[in-house]
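Novice: Have a look at this one.
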């Protein structure tokens, strides 16, 4: 009976089932590393205060940039939603295009964070291609 082979097979199965380890450092990782560094320092020769302050400032800056990034992503998402609501109100209205053609809006297409209007001539255009809204029902 080969017990060594069975144990190796079991360990291989567990390794395959283990989740992938992230290679990026998050806020919790930084704080854990920072507190470990403070605990391990020599009390007779503590860390330089400027170095300590610089690390805290870097952490604070990183946290604020992460918050700004999240806020910008939410704002972009809201902008797409508002654009889509505006586009639905254009169904049945006539629009003048940049080339001065006039067409009725018959539908809307939403794809890849882009809103396209379907026109009565079978074409689709971006909202930015509209020169003016003439009216309609």
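The values are calculated or read from the model by the stated rules, or taken from the named source; none is laboratory data. Here the structure is a predicted model, which means the values were calculated and not measured. Neighbour counts run over all protein chains shown; Cβ positions are idealised from the backbone, glycine included.
Novice: Checking the conditions here, which among 13, 6, 54 is at pLDDT 85 or above and either within 32 Å of the chain's Cα centre (by Cα) or in a helix (DSSP H, G or I) (or both)?
Specialist: Matching residue, one of 13, 6, 54: 54.
Novice: Also, I was wondering about something else. Against the definition (outside any loop (DSSP other than H, G, I, E, B) and at pLDDT 90 or above), how does residue 76 come out, yes or no?
Specialist: On the way: outside any loop (DSSP other than H, G, I, E, B): yes; at pLDDT 90 or above: no.
No, not satisfied.
Novice: Filter segment 95-115 down to the residues that are closer than 14 Å to residue 84 by Cβ and modelled with pLDDT of 90 or more, then identify the one that is farthest from the chain's Cα centre (by Cα).
Specialist: Selected residue: 105.
Novice: Can you say whether residue 96 is in contact (Cβ under 8 Å) with a residue 24 or more places away in the chain and within 30 Å of residue 125 (Cβ to Cβ), as far as the supplied structure shows?
Specialist: yes
Novice: Are there any pairs with C-beta distances below 6 angstrom linking a residue in segment 23-47 that is at negative phi and outside any loop (DSSP other than H, G, I, E, B) to a residue that is surrounded by 10 or more Cβ atoms within 10 Å (Cβ to Cβ) and modelled with pLDDT of 80 or more, with the two at least 6 apart or on different chains, and if so which?
Specialist: Going by the 6 Å Cβ cut-off, the qualifying pairs are 30/59.
Okay, residues lined up against (1) touching a helix residue (DSSP H, G or I) at 6+ places or on another chain (Cβ under 9 Å); (2) touching a residue at least 24 places away in the same chain (Cβ under 8 Å); (3) closer than 23 Å to residue 26 by Cβ:
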| site | (1), (2), (3) |
| --- | --- |
| 55 | yes, no, yes |
| 62 | yes, yes, yes |
| 65 | no, no, yes |
| 72 | no, no, yes |
| 78 | no, no, no |
| 83 | yes, yes, no |
| 92 | no, yes, no |
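Novice: Next up: Can you tell me how many residues within segment 81-127 are assigned to a helix (DSSP H, G or I) and in contact with a strand residue (DSSP E or B) (Cβ under 8 Å, 6 or more places away or on another chain)?
Specialist: Number satisfying all stated conditions: 5.
Novice: Which one of the conditions (1) modelled with pLDDT under 90; (2) surrounded by fewer than 13 Cβ atoms within 10 Å (Cβ to Cβ) does residue 130 fail to meet, given that it meets all the rest?
Specialist: Here residue 130 meets the rest and fails (2).
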